[in-house]
Protein chains: 2
Amino acid sequence: MAAAAEEARNREALRQAVVNTLERRLFYIPSFKIYRGVAGLYDYGPPGCAVKSNVLAFWRQHFVLEENMLEVDCPCVTPEVVLKASGHVEKFTDLMVKDEKTGTCFRADHLVKDFCKEKVEKDPNLPAEKAAEYKHVLAVLDDLLPEELGAKINEYGITAPDTNNSLSAPYPFNLMFQTSIGPSGLTPGYMRPETAQGIFVNFKDLYYYNGNKLPFAAAQIGQAFRNEISPRQGLLRVREFTLAEIEHFVDPEDKSHPKFSDVAKLEILMFPREDQASGKSETKMALGQAVSEGTVNNETLGYFIGRVYLFLTSLGINNKKLRFRQHLANEMAHYAADCWDAEIECSYGWIECVGIADRSAFDLNAHTDKSGVPLVAHEKYAEPKEVEKLVIATVKKELGLAFKGSQKKIVEALEAMGEKEAMEMKEILETKGEAEFQVCTLDKAVIIKKNMVSISKEKKKEHQRVFTPSVIEPSFGIGRIIYCLYEHTFDSRPSKDGDEQLNFFRFPPLVAPIKCTVFPLVQTQEYEDVAKSISKSLAAAGLSYKIDITGTTIGKKYARTDELGVPFAITVDSTSSVTVRERDSKQQIRVNVDEVASVIKEIADGQSTWGDVQWRYPTHSS
Amino acid sequence: MAAAAEEARNREALRQAVVNTLERRLFYIPSFKIYRGVAGLYDYGPPGCAVKSNVLAFWRQHFVLEENMLEVDCPCVTPEVVLKASGHVEKFTDLMVKDEKTGTCFRADHLVKDFCKEKVEKDPNLPAEKAAEYKHVLAVLDDLLPEELGAKINEYGITAPDTNNSLSAPYPFNLMFQTSIGPSGLTPGYMRPETAQGIFVNFKDLYYYNGNKLPFAAAQIGQAFRNEISPRQGLLRVREFTLAEIEHFVDPEDKSHPKFSDVAKLEILMFPREDQASGKSETKMALGQAVSEGTVNNETLGYFIGRVYLFLTSLGINNKKLRFRQHLANEMAHYAADCWDAEIECSYGWIECVGIADRSAFDLNAHTDKSGVPLVAHEKYAEPKEVEKLVIATVKKELGLAFKGSQKKIVEALEAMGEKEAMEMKEILETKGEAEFQVCTLDKAVIIKKNMVSISKEKKKEHQRVFTPSVIEPSFGIGRIIYCLYEHTFDSRPSKDGDEQLNFFRFPPLVAPIKCTVFPLVQTQEYEDVAKSISKSLAAAGLSYKIDITGTTIGKKYARTDELGVPFAITVDSTSSVTVRERDSKQQIRVNVDEVASVIKEIADGQSTWGDVQWRYPTHSS
């Protein structure tokens, strides 16, 4: 207990230190601060904005470009019909309770969760039986119906935080921001809760653009919106955020992936559902093994797990604090084939940052049904295939005579028979002349005679197979990834005089908001001119930099920029060549003035590492 | 008249050809097409999305990086208080009329505009007097009050298009998408109509981040929303769009710009308000001259005009179809110091694509007033300055005795006197012993005696000047720029057999959605392997490409990709070096296999031109 409390304090302290640095250096700003802000809305300030655009640029490089994905960009404003088809209008809800006096709203599950956690963690006299009950409630919280959750609130005597007033019964609150499109007020719309629907509704065009071939992936980066009931967890649960989503469309009969071997040897922390159920923790596993043993459902899903792992660790996420957790059966949508979340451990615990779901044909089927436009793929056979097709021909005259007003429903029920049922009826009709037939829509059985229906199988030539593709969806919460990145790269070291701890971020060059600083060693016009000309070539190469031509010491100049995680410092100490220092190793090399921008660019673009360039240039010892 | 009609037909034909190509190759897609779409909402399909991200990346390079701007990223969801302060809740409206039977909504000014234009352009028997009247209405349309516009509709007998039903009187419709933040329904919000407000509310933090120094610029790229009454003009007037905005904060007493000389020699089509009023057309002018003659209000405004010109022409906008038009006095907000629009000529006429406004201190003052947080800058004096300050000391006891309950209002009125009024009263009191004083809040005059107030001037030392900065705002409509770019780069040439016209886009390498294609000259395993290894190095260098290993002829391969405006084609015709062909000149050079990706990258990043690299490699003649 004491160790857990101590760990909680350490986490809290780390979070405070990180958040203070982030806020002080404007990595982020609570939005509309001069108007006392709005819960769950944050701005990215200059360095945060640079980190975000670096992360997104790398995402485009790593996924869109390297995998030849079709990127699209759809509006946030979405008409209701689309989100009715996707199920969001009906189901994208959280259960809410209201303080019966003040009207303040709370998430019902949060209140029950807080109550149970508090009891389990902080009540030393809790009987074992009660502890077990609270733990069980915590485990099944997501599955409770409104009435069940309401019953728990009453049973435990949970009241409104702060006021202790009694609470209303829980009821569902839709998390989409609602609006109205056009001036008439007749076209309801919502701000999209995810970017995926924009891709699904375009499936037909994208499939055509891809030469009517599967598999292919479409991708989208954009804003998404969730009108949270009461946002908590700072930057992790917000009301507007950037998503990057991939929809990889694949033949459901062939989910192999040609590049799976590229990632098969990666050893990754995996947390399959059986291990979660039996109380084990995550274990390292080779992806190839995870797929071949069936832990991960298929190669394509496995390939994306590997690519996501490479993406996150390249950004600077610590691979010891990154695990892939499989959804439990009760977490997954009924249609999903398999689902894994990339979870990153930070001071808030393990946080879902990327969801990788095999959603089968659900979304395309839903939009096909609602729009009437078939969102399907075709596989042409090399040679036409002969297939047997079931043909059920009803004799309406006989059926009408026998059943009158019920005729229509009986005809529909007969025509809807599956192959097995139909062939059984055919046999009975042929042997006995009549058969009993259950008609659900009439809620009774009727007697069908031989002359009322003819059942047969006919051979037909088919030239192609028509099917709805499965979709595998990796969905990235960019803000969450960035927040975890801040915690993972945060570090501190004593100042030169040892008086204080200096905080800094060990950002990899790829994500660092500022790639390098430029200082003249001494304040002369000559050195200043060199510094300015280097700055110009850095900007032309697309590299962010800070130039510092004040007279303070180099040590102080380093300290000023360390908090921003600048990986390289260029010191102008001659007019022909300069010293380049790397932040973490503190190693220094000498590089010609006219080469220095391209050396930094090579590393910042991820084409080389510091290790690669270091041996090409002489070492500098100061 | 015939020539004008002919020109209109040509424009219409060009637009049709461009739009057909764009739609067929999925540069854009009407959003939610399978649900019959929503007017004014469009998706960027794969090549359009690539063009957009190239344009935005270049914008970041050209403005944010090269000018050291502070980029921020704020939410789209905005609470009402912010947009009340900015004036959008009250004034961001268009005048609307309704079909009185069907309820269909129209923009009132559009209907009047269409009526007048139709008369002027197509009625050969129109009396000169009438023609002059319609032209006058067209000129002042934006200034008409609702009643005046309603009167015109009645006078001209304008009815609803299609139905010919009568129309309601015009009334203002707010163009913001409204929503509600949080579950209570008590916090109204809007989807932001521009990104600028997010910057203004952060002024204090950004000024601090910049070391409390002026001038500095903040920038933001993001979605903005306008719930248009009835969107027309295809991709030019949409309900959701990407804006890129700059707010350059500057001392109102010093609007010089240190880099103005970099752009002073640019010769640009300018269209000052005097020339518009006198019916002249735009003329070429050097920017330096425009500023020194006072045509453009100040250097900073002039500098941005130059930078915008360079930005647009680098993208491929034709500089003969790009002009900077000054706002007429009636177009400008009352607070604006000067305002120039970058207008691009396309098939819809001259279209505003970038607005460059000197908005003085309006926005910061508005948010200071509403929030109570002073959004000001400080200028420290080198030495403290001695200033005279007016001091008005009221003697509350005497005033209380004389005026009882009215005392408070009289004290406030006395303390609120300006310098001139106060010094006049001082003189009267000294000479006559009492003075008549008008108190607005009491709506009457009172007699003030000498013993009731002491008025004096005291000398004080001031260490700094406190002032509200002016803001110069270049605001870019990214979608409009991209659409004009499509028209300006669209071209066609006869196919090889001369049977048909092949369309293509002359995109500069910087914006081309696909930078190059890779074809093996003949279908051998060896060449295919080389083509694949080149593709890999292109992707690693961040370059988009298409590989075509089918057996069709090179000519057909070129035609396939021409419509996408691919600038370079790499033909693999040996295993050590390859042929690189440039789209427009059709010139070819030979480059080593392991160098080819970096050569393309150099050009695509804008570091070199085809002309630069061409002489470094041997020419290839096929």
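All of the numbers you see were taken from the coordinates with simple rules; none came from a lab. Keep in mind that what you see is a predicted model, and the values were worked out from it rather than measured. Neighbour counts are summed over all protein chains in view; Cβ atoms, including those assigned to glycine, are modelled from backbone coordinates with ideal geometry.
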Practice task
Output ³J(HN,Hα) for the stretch A:454-461: one whole-Hz value per residue in order, computed from phi by the Karplus curve 6.51 cos²θ - 1.76 cosθ + 1.60 with θ = phi - 60°, and x for Gly and Pro.
Solution key: 10, 10, 8, 10, 10, 8, 10, 9
Fill in the blank from the handout: Counting every C-alpha pair in the protein assembly as shown, the percent lying more than 57 Å apart is 27
Exercise for the section: Give the nm distances, rounded to one decimal, from B:T619 to the matching residue in every other copy, measuring between label points 7 Å along Cα toward the beta carbon; shortest first. Expected result: 5.1
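Classify the stretch A:570-612: rounded, prolate or oblate, from the alpha-carbon gyration tensor (a ≥ b ≥ c, eigenvalue square roots; a/c under 1.5 rounded; otherwise prolate if a/b is larger than b/c)? Provide the component values of the computation, followed by the final result.
Values: a/c = 2.62, a/b = 1.35, b/c = 1.94.
Oblate shape, in that a/c is at least 1.5 and b/c is the bigger or equal ratio.
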Fill in the blank from the handout: Taking alpha-carbon centroids only, the stretch A:220-254 lies from the stretch A:555-585 a number of Å equal to 38
Completion exercise
The alpha-carbon center of the stretch B:1-76 and that of the stretch A:598-622 are separated, in whole Å, by 40
Completion exercise
Shortest first and in nm, the label-point separations between A:K321 and its counterparts in the other identical copies (7 Å out along Cα→Cβ) come to 5.3
Fill in the blank from the handout: With label points set 7 Å from each Cα along the Cα-to-Cβ direction at A:E602 and A:S454, the distance between them in nm comes to 8.1
Exercise for the section: For B:G565, list long-range residues whose amide hydrogen, built 1.01 Å from N in the peptide plane, is under 5 Å from its own amide hydrogen. Expected result: B:F505
Handout entry: Burial ordering of B:W615, B:W340, A:W350, fewest other beta-carbon atoms within 10 Å first
Key = B:W615, A:W350, B:W340
Problem - Across A:K557/B:K515; A:K546/B:K284; B:K255/B:K461; A:K122/A:K320, pairs whose alpha-carbon gap is larger than 32 Å - result: A:K557/B:K515; A:K546/B:K284
Exercise for the section: Return A:M191, A:M96 ranked ascending by Cβ neighbour count within 10 Å, so the fewest neighbours appear first. Expected result: A:M96, A:M191
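For A:221-227, what's the mean count of beta carbons from other chains sitting within 10 Å of each residue's beta carbon? Could you put the intermediate results ahead of the total?
On the way: counts 2, 1, 5, 0, 5, 0, 7.
Mean partner shielding for this stretch: 3.
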Exercise for the section: Sequence neighbours fewer than 8 away in the same chain don't count; with that in mind, list the lysines whose C-alpha is under 16 Å from A:K119. Expected result: A:K130, A:K135, A:K152
Exercise for the section: For A:R560 and A:S292, calculate 0.36 nm times their separation in residues minus their Cα-Cα distance, and state this gained length in nm to one decimal. Expected result: 91.3 nm
Practice task
Among DSSP beta bridges lying fully in the stretch B:487-622, give the percent that are antiparallel, nearest 5.
Solution key: 65
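Could you list, in their original order, any pairs among A:K389/A:K409; A:K98/A:K370; B:K532/B:K601 whose Cα atoms are separated by more than 25 Å? Walk me through the numbers on the way to the answer.
Values: A:K389/A:K409 23 Å; A:K98/A:K370 35 Å; B:K532/B:K601 17 Å.
The pairs that break the limit, which is 25 Å between Cα atoms, are A:K98/A:K370.
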Fill in the blank from the handout: One decimal, nm, nearest first: from B:N125 to the same residue in each other copy, label points 7 Å out along Cα→Cβ, the values are 10.3
Handout entry: Under 15 Å from the B:K536 label point (7 Å along Cα→beta-carbon), backbone N, the stretch B:563-593
Key = B:593
Handout entry: Dipole magnitude (debye, nearest 20) for the protein assembly as shown, charges at Cβ of Lys, Arg, Asp, Glu
Key = 200
Practice task
For the stretch B:383-460, calculate the relative contact order in percent as a whole number, restricting contacts to Cα pairs under 8 Å that are 6 or more residues apart.
Solution key: 47
Fill in the blank from the handout: Ranked output for segments B:111-123, A:362-374, A:121-133, A:47-59 by mean other Cβ atoms within 10 Å, highest leading, reads A:47-59, A:362-374, B:111-123, A:121-133
Fill in the blank from the handout: With +1 at each Lys and Arg Cβ and -1 at each Asp and Glu Cβ, the charge dipole magnitude of chain B around its Cα centre, to the nearest 20 debye, comes out at 840
Practice task
Using only the Cα atoms, work out Rg/Rh for chain A, with Rh taken as the Kirkwood radius, to two decimals.
Solution key: 1.06
Fill in the blank from the handout: Per the rotation taking chain A to chain B, min distance Cβ-to-axis on chain A (residue, whole Å) equals A:T179, 2
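Loop only by DSSP, 12 or fewer other Cβ within 10 Å of the Cβ. Give me the trypsin sites (Lys or Arg not before Pro) in the stretch A:248-306 that pass, ordered by residue number.
In loop regions of the stretch A:248-306 (DSSP not H, G, I, E or B), the sparsely surrounded trypsin sites (Lys or Arg not before Pro) are A:K265, A:K280.
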Handout entry: Contour excess over end-to-end distance, with Cα ends at A:A445 and A:Q523 and 0.36 nm allotted per residue
Key = 18.1 nm
Fill in the blank from the handout: The simple spin-label model distance between B:K91 and A:K135, using points 7 Å out along Cα→Cβ, in nm, is 6.5
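Quick check: residue separation of A:T102 and A:E6 times 0.36 nm, minus the Cα distance between them. What number comes out in nm? Write out the running numbers ahead of the final one.
Numbers: separation 96, 0.36 × 96 = 34.56 nm, distance 3.66 nm.
Taking 0.36 nm per residue and subtracting the Cα distance, the gain is 30.9 nm.
Using only alpha carbon pairs under 8 Å that are at least six residues apart, calculate the relative contact order of chain A and give it in whole percent.
12
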Fill in the blank from the handout: Between the modelled labels at A:V387 and B:A416 (7 Å from Cα along Cα→Cβ) the distance in nm is 8.4
Practice task
Please turn the phi angles of the stretch A:321-329 into ³J(HN,Hα) values with the Karplus equation 6.51 cos²θ - 1.76 cosθ + 1.60 (θ = phi - 60°), one per residue in order, whole Hz, x for glycine and proline.
Solution key: 10, 10, 9, 10, 10, 6, 5, 6, 3
Practice task
Please check which bits of the stretch A:344-364 a label hung off A:L56 would reach, taking the label as a point 7 Å along Cα-to-C-beta and the cut-off as backbone N under 20 Å.
Solution key: A:353-355
Exercise for the section: Quick one: work out Rg over Rh on the C-alpha atoms of the stretch A:1-91, Rh as Kirkwood radius. Expected result: 1.13
Handout entry: HN-Hα J in Hz across the stretch B:288-303 - Karplus 6.51, -1.76, 1.60, θ = phi - 60°, x for Gly and Pro
Key = x, 5, 4, 6, 5, 7, x, 4, 9, 4, 7, 4, 5, 4, x, 4
Completion exercise
Dipole check, chain B, charges on Cβ (K,R +1; D,E -1), about Cα centroid: among B:Y381, B:A539, B:F241 the Cα furthest to the positive pole belongs to B:A539
Fill in the blank from the handout: Non-local residues with an amide H under 5 Å from the amide H of A:I547, with H modelled 1.01 Å from N and Pro and chain starts lacking one, are A:V518
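Computed FRET efficiency, Cβ-Cβ of A:V373 and A:E331, R0 22 Å: what is it to the nearest 0.05?
The pair A:V373/A:E331 has a calculated efficiency of 0.10.
Do you know the relative contact order of the stretch B:511-622, to the nearest whole percent, from alpha carbon pairs under 8 angstrom that are 6+ apart? Let's see the in-between values first.
Numbers: 177 pairs, mean separation 30.5, N = 112.
Relative CO of the stretch B:511-622 lands at 27 percent.
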